[in-house]
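K.L.:
Below you will find the structure I want to go over with you.
The values are calculated or read from the model by the stated rules, or taken from the named source; none is laboratory data. All values reported here derive from a predicted model rather than from experimental measurement. Here the Cβ is made from the backbone with ideal geometry for all residues, glycine too, and neighbour counts use every protein chain on show. Note: accessible area is taken over every heavy atom of the protein model, side chains too, but ligands, DNA and RNA are not part of it. Shrake-Rupley method; radii C 1.70, N 1.55, O 1.52, S 1.80 Å.
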Amino acid sequence: MSSRPRRAAALAGRTAALIAFALAVFPQSAQGQIFELMRIVSEGGSWLGLTVTEGRASLTGPVVPVAGLSLDGCLQVWDGHSGEWTIRAEDKLGASRLDVTATPGEPVRFEFRGGIQAQLDVAVEWSEARDTTLHVWVGVGPPSARDGERDICQPPPG
């Protein structure tokens, strides 16, 4: 196992911020955020887009209710991108942090064990100092998914 997957695995238990990342792109009422989260979970995840300027992007999301939710997750940068993507996320209302460098198409698994609320602060750095939109799949599902269920690291076809 290379050092990159080992780093990702070591950080897996501290990444509650990633689910908040998914919710942060949907600023709406608390009730709307809960319904959006349930929709994302039922669909197995969601594609997200983040504007990158000169190789950098940042986002501070709203406070979102997560109500003690527990999920397994997977982050995957779209395989049409190039270079390496350093993603740092911190839950400003908790102790969760994520600091990974991902290459396009390489899955990074994580766990989310939520508190009552989360607020995400995200910083992204691309190895190329250009403008683009970062497309990233964030797959989610119940902990310890059963055999035969779709792999959350793989976006659904279509």
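K.L.:
Give me the accessible area of Val41, 1.4 Å probe, in Å² rounded to the nearest 10.
P.N.:
40
K.L.:
In nm, what is the difference between 0.36 nm times the number of residues separating Glu149 and Ser70 and their Cα-Cα distance? Numbers along the way, then the final one.
P.N.:
Values: separation 79, 0.36 × 79 = 28.44 nm, distance 1.75 nm.
The Glu149-Ser70 span can extend by a further 26.7 nm.
K.L.:
Where only protein heavy atoms count, and the probe is 1.4 Å, what is the accessible area per residue for region 33-83 in Å²? Walk me through the numbers on the way to the answer.
P.N.:
Working: 2370 Å² over 51 residues.
For region 33-83, the per-residue accessible area is 47 Å².
K.L.:
Using amide H atoms built in the peptide plane, which far-off residues or other-chain residues are under 5 Å from Gly115 H to H?
P.N.:
Answer set, sorted by chain and number: Gly68.
K.L.:
Assuming R0 = 22 Å, what is the FRET efficiency of Arg97 and Trp47, from their Cβ-Cβ distance, to the nearest 0.05? Could you put the intermediate results ahead of the total?
P.N.:
Working: r = 24 Å, r/R0 = 1.07.
Once the sixth-power term is evaluated, E becomes 0.40.
K.L.:
Have a look at region 76-158 and give its Rg and Dmax from the Cα atoms, expressed in angstrom.
P.N.:
Final numbers for Rg and Dmax: 14.3, 42 Å.
K.L.:
Okay, next question. Can you give me the % of accessible surface on region 66-158 that is carbon or sulfur? Probe 1.4 Å, all protein chains present, nothing else counted.
P.N.:
Of the solvent-accessible surface of region 66-158, carbon and sulfur hold 47 percent.
K.L.:
OK, next. What would the Debye equation give as log₁₀ I(q)/I(0) for region 98-141 at q = 0.28, 0.34 Å⁻¹, counting only Cα atoms as equal point scatterers?
P.N.:
Log-scaled intensity ratios, in q order: -1.43, -1.52.
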